[in-house]
Amino acid sequence: MSAYLLDWAMLLTRWLHVMAGIAWIGASFFFIWLDNRRKPATHAVDGRPGGELWAVHGGGLYHLFRHDGVSETLPSEIHWFKWEAYVTWLSGMGLFTLIYLLQPHAYLIDPRVFEMSGTLAVCSALGVLVGGWLGYEALCRSPFKRHAGALFVAVGVWLTLAAWVATELFSGRAAFLLMGALMGSIMAGNVFNVIIPGQKALLAAAQRGETPDITLPAVLMMISNHYPLLYANDYRLGVILLLLVTGGLIRIATVDHHKGVKRLWVPAGAVLALVGVILLCAPRSQPAPATVETSAPSVTVAASSGADNEAPGENQALRDKVSHIVEQRCAGCHSDTPNLIGLTAPAAGVAFNGWDDIQRQAMRIHQRTVVDKSMPLANMTQMTDAERQLLDDWWQATR
């Protein structure tokens, strides 16, 4: 029952996190679009000039007006767009706690990267988040703040250092998620410490282009756990840095488009950085293990006796070995009755309850266990190289 309730807690928290994030980032994108699409107002409002825009949405006609300057007298009710940011961050940290901090051995720790206790992993993850945010705040209060370019470079170096620490200590999945959480914390911290207390100063800074944006990279880091191709490789630090560049340049290109500015190097740079990510994440051929364990010998289907008329991949001996590997290494999470990491239903909705299920998921099994080696999760069931080689033999034989 406790695992069942934990699933509901994660579902509801994730739902809240996604909805609040849509409201927060959507509002940010809307106002960027509004600022760059408004036209000079045909008349002043309350004696103050500004820009205006007419829009239609949901059957309603809207007249949007932005005041140039701040009135000495403000309406009694002003929406500051702050709770969208606060709820996104609070629900995100709640989700991070439920999944990663309460289950460090399943999600934070990968012995192939760095072996440590669950307590040390939790403290280290919190250290990366708190230390990363404090370092950013210190840079923003340092002499760098007088020079936008220098501050931009300093923050980039600091995020690079944080990414290096994350990729050296944690599983690939956790490292990417931690960087997303750190960037989200920086963004929420900006709302709390800068945007709301100093709206006038921030407005002037934004008009001068002194507010670099990390929204797009942060969102990609958050969803990266669904795509092991990003983190299941030996170049995770390079991937993170290139994704930061890609997302940043895409955001600049979007703003340029709204302003009618054409700088071809911006979208070209984003494309080149993304191509770099694709190349870094590309599968590399892996040498066969030097020795093959008795429990998982490599079998060549074509050499099987008495199987001349048998369809490739249907050799019974190989089939039995593949079934055994999946049962021992995968079914703990991927079955109708999982018994690992507190699951009450098959992980990702994938269940291996028999040979038919294994055959249907053959390509997915090969991708996750042989190509990117992202499964078993953190290799908690200790799948050997010989077993991965046997799964590769099976896949090649069935193609």
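The values are calculated or read from the model by the stated rules, or taken from the named source; none is laboratory data. Not measured: the values here are computed from a predicted model. Neighbour counts run over all protein chains shown; Cβ positions are idealised from the backbone, glycine included. Surface areas here come from the heavy atoms of the whole protein model, side chains and all, with no ligands, DNA or RNA. Shrake-Rupley method; radii C 1.70, N 1.55, O 1.52, S 1.80 Å.
What pairs come out if I take residues in region 82-94 that are without any contact (Cβ under 8 Å) to a residue 60 or more places away in the chain and pair them with residues that are of a type outside the set (Ser, Thr, Tyr) whose C-beta lies under 8 Å away, six or more apart or interchain?
That search, which allows pairs on different chains as well, returns nothing.
List every residue pair whose Cβ atoms lie under 9 Å apart, where the two residues are 6 or more positions apart in sequence or sit on different chains, the first residue falls within region 173-193 and is in contact (Cβ under 8 Å) with a residue 24 or more places away in the chain and under 18 Å from Tyr231 (Cβ atoms), and the second residue, located anywhere, is charged (D, E, K, R) and assigned to a helix (DSSP H, G or I).
Short answer, once both residue conditions are applied: Ala175/Glu168; Ala175/Arg236; Phe176/Arg236.
What tally of residues in region 102-121 results from selecting those that are open to solvent by less than 30 Å² (accessible area, probe 1.4 Å) and over 14 Å from Met380 (Cα atoms)?
1
Cβ-Cβ below 6 Å, separation at least six or inter-chain, first residue in region 304-327 and at pLDDT 90 or above, second surrounded by 13 or more Cβ atoms within 10 Å (Cβ to Cβ) and outside any helix (DSSP H, G or I): which pairs?
Val326/Phe352
Determine, yes or no, whether Trp80 is open to solvent by 90 Å² or more (accessible area, probe 1.4 Å), closer than 23 Å to Ile186 by Cα, in contact with a helix residue (DSSP H, G or I) (Cβ under 9 Å, 6 or more places away or on another chain) and modelled with pLDDT under 80.
Considered against the rule, which asks whether it is open to solvent by 90 Å² or more (accessible area, probe 1.4 Å), closer than 23 Å to Ile186 by Cα, in contact with a helix residue (DSSP H, G or I) (Cβ under 9 Å, 6 or more places away or on another chain) and modelled with pLDDT under 80, Trp80 comes out as yes.
Quick one: which of Ala175, Ala188 is open to solvent by less than 50 Å² (accessible area, probe 1.4 Å) and touching a Lys or Arg at 6+ places or on another chain (Cβ under 9 Å)?
On inspection, the qualifying residue turns out to be Ala175.
What number of residues within region 17-39 are open to solvent by 90 Å² or more (accessible area, probe 1.4 Å) and modelled with pLDDT of 85 or more?
2
For the condition closer than 26 Å to Met10 by Cα and assigned to a helix (DSSP H, G or I), what is the one hit in Leu98, Leu159?
Residue meeting the stated conditions: Leu98.
Being of a type outside the set (Val, Ile, Thr), at pLDDT 50 or above, in a helix (DSSP H, G or I) and touching a Phe, Trp or Tyr at 6+ places or on another chain (Cβ under 6 Å) is the requirement here; does Leu274 meet it?
It is false that Leu274 is of a type outside the set (Val, Ile, Thr), at pLDDT 50 or above, in a helix (DSSP H, G or I) and touching a Phe, Trp or Tyr at 6+ places or on another chain (Cβ under 6 Å).
Within region 316-378, considering only helices (runs of 4 or more DSSP H) that don't extend past its boundaries, which have at least 1 residues that are loosely packed, with under 14 Cβ neighbours inside 10 Å and among the small types (Gly, Ala, Ser)?
Where helices (runs of 4 or more DSSP H) fall fully within region 316-378 and carry at least 1 residues being loosely packed, with under 14 Cβ neighbours inside 10 Å and among the small types (Gly, Ala, Ser), they are 316-329.
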